[in-house]
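S.K.: Have a look at the structure that comes next, please.
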Amino acid sequence: MKKSLIIASSLALVASLAACKKEAEAPKPAESAAANAGSMSDMPMAMEMKHGKGVGTVTEIDAAKGMVTLDHGEIAELQWPAMKMGFAIKPDLLSGIKVGDKVSFEIDWDGKAGTVTKIENASK
Ligand SMILES: [Cu+2]
């Protein structure tokens, strides 16, 4: 009896949190109706992991935070133009990489942030 009550109330909490989040993201009723009707494939900006490859120059390394900033060229897979931006990176991938190096790299992009999954010094 008590257990099912707890489950029911925690479900209600999850449901209300989800509703709250949805409202914050899509304040206009018309927009949220359209979003609910559409499938994931209609929304390329949804949290879908994408993979890209590029070349660039290392402009900053923060090994403690696990961050690398790359001045990179176009990344066709992600339809990105050339730009300078920061990526998360596992510190062990940074061994042998220093600021100013030309690198070829691969990244995972979740729609908000990128993580370098592979990086190679291309200036040697
Ligand atoms: Cu970029």
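S.K.: Take region 57-80 and flag every residue that is in a loop (DSSP other than H, G, I, E, B) and either near the ligand (Cβ under 8 Å from one of its atoms) or among the aromatic types (F, W, Y) (or both).
M.R.: Of everything in region 57-80, nothing turns out to be in a loop (DSSP other than H, G, I, E, B) and either near the ligand (Cβ under 8 Å from one of its atoms) or among the aromatic types (F, W, Y) (or both).
S.K.: Name the single residue that is farthest from the ligand (Cβ to nearest atom) among those in region 95-124 being under 20 Å from the mean Cα position of the chain (by Cα) and hydrophobic (A, V, I, L, M, F, W, C). Show your work before the answer.
M.R.: Taking region 95-124 first, the residues under 20 Å from the mean Cα position of the chain (by Cα) are 104-119.
Checking the rest, the ones that are also hydrophobic (A, V, I, L, M, F, W, C) come to 105, 107, 109, 113, 116, 119.
Numbers: F105: 11, I107: 9, W109: 9, A113: 11, V116: 12, I119: 14 Å.
Only one residue tops the list, namely I119.
S.K.: In region 88-97, which residues are in a helix (DSSP H, G or I) and either farther than 17 Å from T115 by Cα or open to solvent by 40 Å² or more (accessible area, probe 1.4 Å) (or both)?
M.R.: Taking region 88-97 as the starting set, the residues that turn out to be in a helix (DSSP H, G or I) are 91-94.
Selection gives P91, D92, L93.
S.K.: Based on this model, can you work out whether G66 counts as open to solvent by less than 40 Å² (accessible area, probe 1.4 Å) and small (G, A, S)?
M.R.: yes
The rows are residues; the columns are (1) open to solvent by 60 Å² or more (accessible area, probe 1.4 Å); (2) touching a Cys at 6+ places or on another chain (Cβ under 6 Å); (3) not in a strand (DSSP E or B).
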| residue | (1), (2), (3) |
| --- | --- |
| G86 | no, no, no |
| V99 | yes, no, yes |
| V103 | no, no, no |
| E106 | no, no, no |
| K112 | yes, no, yes |
| E120 | yes, no, no |
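The values are calculated or read from the model by the stated rules, or taken from the named source; none is laboratory data. Here the structure is a predicted model, which means the values were calculated and not measured. Note: ideal-geometry Cβ built from the backbone for every residue, glycine included; neighbour counts use all protein chains shown. Accessible surface is based on the protein model in full, side chains and every heavy atom, while ligands, DNA and RNA are left aside. Shrake-Rupley method; radii C 1.70, N 1.55, O 1.52, S 1.80 Å.
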